[in-house]
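Comments concern the structure below.
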Amino acid sequence: MRSPRGLLAISGYLDGRHAPAASLSNAGHHSFFFARAFQILAQPEPVRLQELSAPDSGILELRLERPEVKNAINWDVLRRLRSAIEKVQTDSMAKVVLVASSVPGAFCAGADLKVWSSSERKLMSSSEVGENARSLRSIFSSFEALPIPTIAVIEGAALGGGLELALSCDLRICGENAELGMPETGLAIIPGAGGTQRLPRIVGSSRAKELIFTGRRCDAAEAVMMGLANYCVPAGEAYQKALDIAREITQKGPLGIRMAKKAINQGMEVAAMSSALAVEGECYEQLLHTQDRLEGLAAFAEKRKPVYTGK
């Protein structure tokens with residue numbers, strides 16, 4: 001993207017000098033160009049990843065910022081999500097990721113099945129919709145596979161691909177204004193970014209089938225009741241609740257947290273309990289001689305010391 005100075009130069013304005021006005025029509029054209037140029041420059045990045053400052057070091061915040069379409073996911077958002085995931089994967093100091101929205105009343109409205117071309121809205125072709133779903137599926141799987149805990153902060157609508165993004169997180173914290181659902185069958189398709197697989201693993205197959213077959217939306221209280229969400233808090237307080245949980249997690253041994261997530265996730269993917277216990281045993285063994293464990297034992301011993309009162 002060009003800098004504001006570059007845009008001014010193109011428009012015929014630079015350092016207070018004006019290009020000759022050929023006509024009122026040209027002046028109107030320049031005014032439109034200026035308005036459009038600065039509108040583009042003022043738009044926020046649709047996906048923003050940042051690390052919180054001390055004392056919350058190690059907590060990363062991934063924010064969706066596409067207010068004009070309630071954070072609907074288009075190709076640009078997909079690319080930026082993939083880039084953000086890659087950055088988290090290479091950040092050895094990262095401990096928790098919060099996924100939140102900067103758009104009031106919306107977590108994510110799902111996949112953006114419309115594109116804009118020459119000021120005319122056109123629906124995606126069937127092949128484009130399919131490619132979009134495959135990309136979403138791949139990116140959400142990569143997000144789910146992150147070795148550190150991820151927490152979705154849901155205020156407002158989390159629909160379709162937006163709910164599928166939340167399902168790829170480890171925990172989901174809802175404001176009481178949250179609305180969750182998978183409306184895809186109403187478009188004669190199915191959830192294609194992991195919804196038909198992750199939802200039944202979280203709420204059970206019967207509840208998942210009802211939600212997907214009917215496209216029915218549920219509120220935050222029902223989401224907690226069925227196990228779809230961990231907490232329902234007053235509207236506007238979901239982020240603070242998620243941050244409190246993230247702070248608790250960062251106080252624990254980071255390698256222990258990573259191994260716990262690995263043991264749970266991989267154990268859930270095998271059918272036999274004996275195989276699942278073998279996964280747990282392997283993860284446990286990897287922690288026995290780590291500096292992380294030694295520091296944890298020392299901290300625990302310090303807390304257990306008797307306090308001498310002098311009596």
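The values are calculated or read from the model by the stated rules, or taken from the named source; none is laboratory data. Keep in mind the model is a prediction, meaning the values are calculated, not measured. Here Cβ is always computed from backbone atoms with ideal geometry, including for glycine, and neighbour counts include all displayed protein chains. Accessible surface areas use protein heavy atoms only, side chains included; no ligands, DNA or RNA. Shrake-Rupley method; radii C 1.70, N 1.55, O 1.52, S 1.80 Å.
Report, by residue number, each residue of the stretch 161-177 that is at pLDDT 95 or above, open to solvent by less than 10 Å² (accessible area, probe 1.4 Å) and in contact with a Gly (Cβ under 7 Å, 6 or more places away or on another chain). Across the stretch 161-177, the qualifying residues are GLY162, LEU163, GLU164, LEU167, SER168, GLY175. Cβ contacts < 9 Å: first residue among the β-branched types (Val, Ile, Thr), restricted to the stretch 267-283; second residue open to solvent by less than 30 Å² (accessible area, probe 1.4 Å), any location; separation 6+ or different chain. Result? Correct list of pairs: VAL270/ALA276; VAL270/VAL279; VAL279/ALA263; VAL279/GLY267. Contact map, the stretch 84-105: residues that are under 14 Å from THR250 (Cβ atoms) and in contact (Cβ under 8 Å) with a residue 12 or more places away in the chain paired with residues that are part of a helix (DSSP H, G or I) and open to solvent by 50 Å² or more (accessible area, probe 1.4 Å), Cβ distance under 7 Å, separation 6+ or inter-chain. Pairs shown: LYS95/PRO254. I need the full set of residues from the stretch 165-177 which are under 10 Å from the mean Cα position of the chain (by Cα) and either part of a helix (DSSP H, G or I) or not polar (S, T, N, Q) (or both), in order please. Those that are under 10 Å from the mean Cα position of the chain (by Cα) and either part of a helix (DSSP H, G or I) or not polar (S, T, N, Q) (or both): LEU165, ALA166, LEU167, CYS169. Do the conditions hold for LEU64, that is, is it at pLDDT 95 or above and open to solvent by 30 Å² or more (accessible area, probe 1.4 Å)? Criteria not met by LEU64.
Selection of the stretch 135-189 for residues being hydrophobic (A, V, I, L, M, F, W, C) and in contact with a Ser or Thr (Cβ under 6 Å, 6 or more places away or on another chain) yields PHE140, PHE143, CYS169.
Where helices (runs of 4 or more DSSP H) fall entirely within the stretch 195-264, those with at least 2 residues that are more than 15 Å from GLY175 (Cα to Cα) are at 195-203, 205-214, 238-250. Annotation: of all residues in the stretch 238-296 being open to solvent by 30 Å² or more (accessible area, probe 1.4 Å) and among the polar types (S, T, N, Q), the one that is farthest from the chain's Cα centre (by Cα) is SER274.
Any idea which residue in the stretch 178-218 is farthest from the chain's Cα centre (by Cα), counting only those that are among the charged types (D, E, K, R) and buried (at least 16 other Cβ atoms within 10 Å of the Cβ)? Talk me through it step by step, then tell me what you get.
Step one: list which residues in the stretch 178-218 are among the charged types (D, E, K, R), which gives 179, 184, 198, 201, 207, 209-210, 216-217.
Now narrow it down to the ones that are buried (at least 16 other Cβ atoms within 10 Å of the Cβ): 179, 184, 198, 207, 217.
Numbers: GLU179: 16, GLU184: 20, ARG198: 15, ARG207: 24, ARG217: 20 Å.
Per the criteria, the residue is ARG207.
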